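Taking it in order: structure first as structure tokens, then the write-up.
The values are calculated or read from the model by the stated rules, or taken from the named source; none is laboratory data. Nothing here was measured: the structure is a model prediction, and the numbers come from that model. Here the Cβ positions follow ideal geometry from the backbone for every residue, glycine too, while neighbour counts run over all protein chains shown.
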Amino acid sequence: MSERLIVHVPLDQGRDYDIVIGRGLLDEAGARIAALGGRAAAIVTDDTVAALYSERVRDALEAAGLRSGIVSVTPGEASKSYATFAQVCDGLLGHRIERGDLVVALGGGVVGDLAGFAAASLRRGVRFVQAPTSLLAQVDSSVGGKTGINSPLGKNLIGAFHQPRLVLADTGTLDTLSAREMRAGYAEVAKYGLINDSGFFDWCETNWSGIFSGGPERDEAVAICCRSKAGVVVRDEREDGERALLNLGHTFGHALERLTGYDSARLVHGEGVAIGMALAFRFSARLGLCPGQDAGRVANHLALAGLPTRLAQVPGGCGDASALLDAMAQDKKVREGRLTFILARGIGRSFIAPGIDAADVRAFLDDELRDV
């Protein structure tokens, strides 16, 4: 058994929880979840993950004395919808999940967001556990209590803050990810260095291949990212200030996801974030905020890891500057109709930039769209 790394999230009012990181954790899920109390724990997953892990986790839960059942949805961002949310809620009720029971989100970011929102809503709130099986979910979306679904008008516009009671990040599950999914998750790893930890970005430039190959660097990177996010969440749980920094690259990225119809064959979340981070640094350089060499270094590293960094790399295109601006207008960070971006003064020096002039953004996007 590999060493277990533990990151504690010290929230107030008895809502603190642990993020446990290491290989083989799914086999310990029953004992660890049973320790939280309750008589039942229903698993929410998707069809791909279900085929790999759902029976293993259900067996572990039932061996620990917990009644269990499985609710499985279609893989992909399109499942973060009103219809699938209703399907999950009805499925959990069908498994007789009560207020004292638990929901287990077994899968990537889509499953975590969807299951967490269902748990927040079911019987006006039941407890849930995150068991993330993608790199993106392990380093980012499983931590911090953001849950929700998408609207045709924009991403993550319907949801709730609902903290998990436990996060089990079994890094062995990443061995089954496709190369594309690993790359997409790595965008979120690099993000933590770009926000406020230039030393971690340096480390990533040296050690990124070990994360992909499953060496000890993988567990270390997950722990560093979770520790960084946990610190931000404790200081700003409901994104009233500092937590918005975690959206570096997401204003551009979410717009691209919307314009590609949340079609994962064209663009997945991490790819949108990678393009968005490269754009954010180039836009910062254009505004005279960030050295051009830093913007180049960011794009070069993301490209080395196999990620897209240009609008021209979106399969099937992403529309014109007007379409992109319209999509950005539905971003959660819009205030009084004005755009808020996360920009940078350099690597590890990101900041919240409210009230950015739309004309400046349009001119930048026009130039980026011409750059093929």
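Looking only at residues in the stretch 91-124 that are under 15 Å from Leu166 (Cβ atoms) and β-branched (Val, Ile, Thr), the one that is nearest to the chain's Cα centre (by Cα) is Val104. With respect to the conditions (1) modelled with pLDDT of 95 or more; (2) under 23 Å from Pro152 (Cα atoms), Gln330 falls short on a single one, namely (1). The residue pairs whose first member lies in the stretch 112-127 and is surrounded by fewer than 21 Cβ atoms within 10 Å (Cβ to Cβ) and of a type in the set (Gly, Ala, Ser), whose second member is at pLDDT 95 or above and assigned to a helix (DSSP H, G or I), and whose beta carbons are closer than 7 Å, counting only pairs six or more residues apart or on different chains, are Ser121/Cys89. Going through Asp170, Asp175 one at a time, which residue ends up being of a type in the set (Asp, Glu) and out of contact with any Asp or Glu (no Cβ under 9 Å at 6 or more places or on another chain)? Asp175 is the lone residue from the list that is of a type in the set (Asp, Glu) and out of contact with any Asp or Glu (no Cβ under 9 Å at 6 or more places or on another chain).
Test of understanding: among Arg15, Arg58, which residue is part of a helix (DSSP H, G or I), farther than 21 Å from Ser178 by Cβ and outside the structural domain of Glu220 (by TED's automatic domain parsing)?
Details: Arg15 fails: part of a helix (DSSP H, G or I).
So the residue among Arg15, Arg58 that is part of a helix (DSSP H, G or I), farther than 21 Å from Ser178 by Cβ and outside the structural domain of Glu220 (by TED's automatic domain parsing) is Arg58.
Scanning the stretch 61-103 for residues that are within 14 Å of Ile149 (Cα to Cα) and in contact with a His (Cβ under 9 Å, 6 or more places away or on another chain) returns a single hit, Glu77. Scanning the stretch 18-54 for residues that are in contact with an Asp or Glu (Cβ under 9 Å, 6 or more places away or on another chain) and either in a strand (DSSP E or B) or not assigned by TED's automatic domain parsing to the domain that holds Gly144 (or both) yields Val20, Ile21, Gly22, Ala40, Ala41, Ala42. Within the stretch 125-141, does at least one residue satisfy the condition of being more than 18 Å from Val273 (Cα to Cα), hydroxyl-bearing (Ser, Thr, Tyr), under 14 Å from the mean Cα position of the chain (by Cα) and assigned by TED's automatic domain parsing to the domain that holds Asp90? Checking the stretch 125-141: at least one residue is more than 18 Å from Val273 (Cα to Cα), hydroxyl-bearing (Ser, Thr, Tyr), under 14 Å from the mean Cα position of the chain (by Cα) and assigned by TED's automatic domain parsing to the domain that holds Asp90. Taking the criterion of being touching a residue at least 60 places away in the same chain (Cβ under 8 Å), loosely packed, with under 14 Cβ neighbours inside 10 Å and closer than 22 Å to Asp175 by Cβ, the only residue of the stretch 5-57 that qualifies is Gly24.
Among the residues of the stretch 159-184, those identified as β-branched (Val, Ile, Thr) and either under 19 Å from Val273 (Cα atoms) or surrounded by 15 or more Cβ atoms within 10 Å (Cβ to Cβ) (or both) are Val167, Thr171, Thr173. Pairs meeting the criteria (first residue in the stretch 347-360 and in contact (Cβ under 8 Å) with a residue 24 or more places away in the chain and crowded, with 16+ Cβ neighbours inside 10 Å, second residue in a loop (DSSP other than H, G, I, E, B) and of a type in the set (D, E, K, R), beta carbons under 6 Å, at least 6 apart or on different chains) are Gly348/Asp197.
Out of the stretch 243-263, which residues are among the polar types (S, T, N, Q) and touching a residue at least 60 places away in the same chain (Cβ under 8 Å)? Even if it seems obvious, please write down each step before you answer.
Of all residues in the stretch 243-263, those among the polar types (S, T, N, Q) come to 247, 251, 260.
Within the stretch 243-263, Asn247, Thr251 meet the criteria.
If you go through the stretch 61-77, how many residues are aliphatic (A, V, I, L, M) and assigned to a helix (DSSP H, G or I)?
Here the count works out to 2.
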